[in-house]
Amino acid sequence: MKKNEMQFYLLLRDFLGEYLIEKRNFSAKTANAYRQSLTLLRKYFKEAKGIGFERMGFSLYKRELIYEFLCG
């Protein structure tokens, strides 16, 4: 895993664990729902767009791609 990929992964992990649960006081169920949604989005990027996790980064999270995922 490259440095940028690892950074992206670590930020997601921290967001779902530390930030949502510890800082924002969200429930573990809410954090899990976020995690499941991100997993579905990751699968969409891989299957529909041919973008594997190793190529994922902040640049993929654009309005157009999110709308495509949601409206599929």
Original post:
Residue separation times 0.36 nm, minus the C-alpha to C-alpha distance between Leu10 and Glu47: what's the value?
Top reply: 11.0 nm
Original post:
Which trypsin sites (Lys or Arg not before Pro) does region 10-45 hold that lie in a coil by DSSP with at most 15 other beta carbons within 10 Å?
Top reply: Arg24
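For the chain, what ratio Rg/Rh do Cα atoms give with a Kirkwood hydrodynamic radius?
Looking at the chain, the ratio lands at 0.99.
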Subject >> Estimated [θ] at 222 nm from DSSP helical runs (n ≥ 4, -39500 (n - 2.57)) normalised by residues in the chain, nearest 500 >> reply: -19500 deg cm²/dmol
Original post:
Which ³J(HN,Hα) values, rounded to whole Hz and listed in residue order, are derived for region 54-60 from phi using the Karplus coefficients 6.51, -1.76 and 1.60 in 6.51 cos²θ - 1.76 cosθ + 1.60 with θ = phi - 60°, glycine and proline given as x?
Top reply: 5, 9, 6, x, 4, 5, 6
**OP:** Could you work out how far apart the two model spin labels at Arg35 and Glu64 are, taking each label as a point 7 Å from the Cα in the direction of the beta carbon, and quote it in nm?
**Re:** 3.3
Original post:
What is the dipole size for region 3-71, taken about its Cα centre, with +1 at each Lys and Arg Cβ and -1 at each Asp and Glu Cβ, in debye to the nearest 20?
Top reply: 60
**OP:** Please arrange Thr30, Thr39 by counting, for each residue, the other beta carbons lying within 10 Å of its beta carbon, fewest first.
**Re:** Thr39, Thr30
Original post:
What residues qualify as long-range amide H neighbours of Ile51, i.e. H under 5 Å apart, gap of 5 or more or another chain, H built at 1.01 Å from N?
Top reply: Lys46
**OP:** Please give the helix 28-49 orientation as an angle from the longest Cα principal axis of the chain, in degrees from 0 to 90, rounded to the nearest 10.
**Re:** 10
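Since every read-out is calculated from the coordinates, none of them should be taken as a lab result. Note that the coordinates shown come from a computational prediction; the quantities given were computed from them, not determined experimentally. As a convention, Cβ positions derive from the backbone with ideal geometry for all residues, glycine included, and neighbour counts pool all protein chains shown.
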